[in-house]
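Quick notes on the structure that follows.
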Amino acid sequence: MIYLNPPPRIKVLEALGAIADRRIKIIDEKSCRVTSSLGDKEYYVYVDLERGVAYSDDNGTKYRSYIGYPIIAFLMLKGYLPYNERIAKGFKGIDWKILNERYKKYSIVERIVKKLANSRGIETKEIDLFVNEIMSILRRLKLKKLENIPIH
């Protein structure tokens, strides 16, 4: 079984935006559905921390084997990762897919969305400290990637 890698830092911001936009529908203790920023896709997420396994059919998790934003958002809502509502509001209403496709570099998109968050009263330093904390926890989680949707 493959271990999921820590995500690009921007995925933490994308997870915050998904929560602020109310795009996560909890199914049960271990699963949820997450609607994409454009509303054209829905991702299924399953996480079992006792077994140390996770599944999501978003591109980052499925094809690049990193912990995708849907998993991060679910872990935040379930209380396994810290969540900061004030910071999340700084990333509300962002069309992530459009930005990612237009600029093709996460570093550029991160700069753009942080500037937007700054205009909404969220300091870059505060954002970076929060992202650092989440990334540190994600590295310690050592989640194994489930290849198929778990039947439960």
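The values are calculated or read from the model by the stated rules, or taken from the named source; none is laboratory data. Note that the coordinates shown come from a computational prediction; the quantities given were computed from them, not determined experimentally. With ideal geometry, Cβ positions are generated from the backbone for all residues, glycine too; neighbour counts draw on all protein chains shown.
Can Glu133 be described as surrounded by fewer than 17 Cβ atoms within 10 Å (Cβ to Cβ), under 19 Å from Ile149 (Cβ atoms), touching a residue at least 12 places away in the same chain (Cβ under 8 Å) and acidic (Asp, Glu)? No: the conditions fail for Glu133. Evaluation of Asn148 against the conditions (1) among the polar types (S, T, N, Q); (2) exposed (fewer than 14 other Cβ atoms within 10 Å of the Cβ); (3) within 20 Å of Asn5 (Cβ to Cβ); (4) touching a helix residue (DSSP H, G or I) at 6+ places or on another chain (Cβ under 7 Å) shows that the sole unmet condition is (4). Residue count for the range 30-46 satisfying the condition of being touching a strand residue (DSSP E or B) at 6+ places or on another chain (Cβ under 9 Å), in contact (Cβ under 8 Å) with a residue 24 or more places away in the chain and more than 13 Å from Ala15 (Cβ to Cβ): 4. Among the residues of the range 20-28, some residue qualifies, meaning at least one is part of a helix (DSSP H, G or I) and at pLDDT 95 or above.
Kindly establish whether Val12 is crowded, with 17+ Cβ neighbours inside 10 Å, over 30 Å from Asn118 (Cα atoms), at pLDDT 95 or above and within 13 Å of the chain's Cα centre (by Cα). So Val12 does not fit the description; no. Scan the range 77-98 and tell me whether some residue there is of a type outside the set (Gly, Ala, Ser), touching a strand residue (DSSP E or B) at 6+ places or on another chain (Cβ under 7 Å), in a helix (DSSP H, G or I) and under 22 Å from Arg33 (Cα atoms). Within the range 77-98, one or more residues are of a type outside the set (Gly, Ala, Ser), touching a strand residue (DSSP E or B) at 6+ places or on another chain (Cβ under 7 Å), in a helix (DSSP H, G or I) and under 22 Å from Arg33 (Cα atoms).
Residues that are part of a strand (DSSP E or B), touching a Phe, Trp or Tyr at 6+ places or on another chain (Cβ under 7 Å) and not small (Gly, Ala, Ser) do occur in the range 51-68, at least one of them. Ile108 versus (1) more than 21 Å from Ala20 (Cα to Cα); (2) of a type in the set (A, V, I, L, M, F, W, C); (3) assigned to a helix (DSSP H, G or I); (4) under 14 Å from the mean Cα position of the chain (by Cα): which is the lone unmet condition? Tallying (1) more than 21 Å from Ala20 (Cα to Cα); (2) of a type in the set (A, V, I, L, M, F, W, C); (3) assigned to a helix (DSSP H, G or I); (4) under 14 Å from the mean Cα position of the chain (by Cα), Ile108 fails exactly one: (4). For the range 99-115, name all the residues that are loosely packed, with under 15 Cβ neighbours inside 10 Å and farther than 21 Å from Val34 by Cβ. Arg102, Tyr103, Lys104, Lys105, Ser107, Ile108, Arg111, Ile112, Lys115 - these are the residues of the range 99-115 that are loosely packed, with under 15 Cβ neighbours inside 10 Å and farther than 21 Å from Val34 by Cβ.
The C-beta contact set for the range 95-109 (first residue among the acidic types (Asp, Glu), second residue assigned to a loop (DSSP other than H, G, I, E, B), distance under 7 angstrom, 6+ apart or interchain) comprises Asp95/Ser37; Asp95/Leu38. When the range 59-82 is limited to residues that are free of Cβ contacts under 8 Å to residues at least 12 places away in the same chain, surrounded by fewer than 14 Cβ atoms within 10 Å (Cβ to Cβ) and within 18 Å of Ile149 (Cβ to Cβ), the one that is nearest to the chain's Cα centre (by Cα) turns out to be Asn59.
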